[in-house]
1. List the pair-distance distribution P(r) of the range 359-435, using every Cα-Cα distance, as the percent of pairs falling in each 5 Å bin from 0 up to the bin containing the longest distance, rounded to whole percents.
2. Pulled fully out, how much extra length does the chain show between E295 and R170, if you take 0.36 nm times their separation in residues and subtract their Cα-Cα distance?
3. Label-point separation (nm) for D103 and Q310, each offset 7 Å from Cα along Cα-to-Cβ?
4. Taking K and R as +1 and D and E as -1, what net charge do the other residues with C-beta under 15 Å from the C-beta of R407 add up to?
5. Students often check this: by mean Cβ neighbours within 10 Å, which of 336-343, 231-238 ranks highest, and how do the rest follow?
6. In nm, give the distance between the simple-model label positions of E401 and T262, each being 7 Å from the Cα along the Cα-to-Cβ direction.
7. So how do S297, S409, S307 line up by other beta-carbon neighbours within 10 Å, fewest first?
8. With 10 angstrom as the radius, rank T365, T87, T355 by how many other C-beta atoms surround their C-beta, starting from the fewest.
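We did not get these values from a lab; they are worked out from the coordinates using the rules stated. Owing to the predicted nature of the structure, the values given are computational and were not obtained by experimental measurement. Cβ coordinates were reconstructed from backbone atoms using ideal geometry, including for glycine residues, and neighbour counts include every protein chain displayed.
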Amino acid sequence: MALRPGIALILALFSITASAAEINGFRVWTDPEKTRAVLDLSTRADYKLFTLDHPHRVVIDLNSSKLQARLHNDLEFDHDHSGVIETVRHGFPDKNTLRVVLDLSGGSNVKSFMLEPTGSYGFRLVIDLYPEKDSKAAVKQLSDRQRPNRDIVVAIDAGHGGEDPGAIGRKRTREKDVVLAIAKELKKSIDARPGMMAVLIRSGDYYIPLRDRFEQARKHQADLFVSLHADAFKNSKVSGSSVFILSRRGASSEFARRIAATENNSDLVGGVTLNDKDDMLASVLLDLSQSAAMEASNGVARTVIASMRQVSNTHKSHVEHANFMVLKSPDVPSILVETGFISNPGEEQRLQDPTWQKKMARAITDGIQDYFYLSPPQGTWIAANRKPLHYRVVRGDTLGEIASRYRVSLYRLRLANNLKSDNIRIGAQLLIPTT
Ligand SMILES: [Zn+2]
């Protein structure tokens, strides 16, 4: 149920004296760290939350609430992803209180907060349950950068997830689902290449705050962070893939600005209370270390676009710049790939096609591999074993542009390919020297 803003405001003011929240929905997700339960409320509500042991329970008392739907039957409650939550019950301890009880399978640390309406969502009460566990057991095995001939580590971030479905196509295809499928294919494809390995930042249907996404990439000592998306655009005719990097100077186009605005909104939808008081300081620190990572990001973006152009018409053949929160990783080179437009009926269908997903994953892998063959970090397997690259000429290419993209001189490129002039034929295979 969506309330018009005017009505929501009146109810919110009214709730200061007597709240009358209705529960319209109940949803549950589980990620590797926690189980998240979300109660959809018709208005902001006063609530009390406490936990009980033997057996473990969370009790939420909503003041003066009416129960709009039955929690057991009518509300969506996905038991496959219910994590620590076993059952949900409700009752009325007195005539002004609606009590919701979550029966848990184990002891949990609980965090709860109220979210303001955004997008198609109204007020939401979010309850995060962190299972109590031995913290040492939770420490992950990290890749070792000191190891000789180490693999290049690529952190793959499937955009959105959980409460945040991302863009939705005409046939109700959800961005969060198709990008997760492509992310899994991308991981397979990267893991199959010698000298490369991938980690999935999100491996299921749950939401991860934007900052935590690149924090995880840093923990894995990633050489590259790739965020995958399939957005909607107001014009359903718009199609094709594009690659974005972070810009400190603002967006390179109106298109880039709009895409960044919707992506950055993701945290509000996904259910994170943003605390941005330290943003000024953070942005100063970011600037200091970003230059090198920015240059690398731009390099990867160019080779990935070139590779994607071999399989699909890209929206833009140049790298787009936009101010994405998710790309603000100070020391990890980062790109954001719009794999297609879910708002375009043809692409909506294609995005769901496992064959096309594999093809897209392979093209992104090729582009990433090309970049690291051109600029291998020291001590990596690729640095010791790289070979020359091959590139197939597509419509719109010029020899000068190819030379600049792969950072070789025109002279060397001509020499390597026995070219007498700068004329190139569409479909021709060019040898790109890497050393
Ligand atoms: Zn997106």
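1. Calculated over all Cα pairs of the range 359-435, the distribution is 3, 15, 25, 24, 18, 10, 5, 1 percent.
2. On the way: separation 125, 0.36 × 125 = 45.00 nm, distance 3.77 nm.
Working it through step by step, the gained length comes to 41.2 nm.
3. 5.7
4. Numbers: positive: R302, R386, R405, R412; negative: E295, D370, E401.
Value of the local net charge: +1.
5. Working: 336-343: 26.4, 231-238: 15.0.
Ranked from most to least packed, the peptides come out as 336-343, 231-238.
6. Rounded to a tenth, the inter-label distance reads 2.6 nm.
7. Fewest to most other Cβ atoms nearby, the residues stand as S409, S307, S297.
8. Details: T365 25, T87 14, T355 8.
Ranked by crowding around the Cβ, least crowded first: T355, T87, T365.
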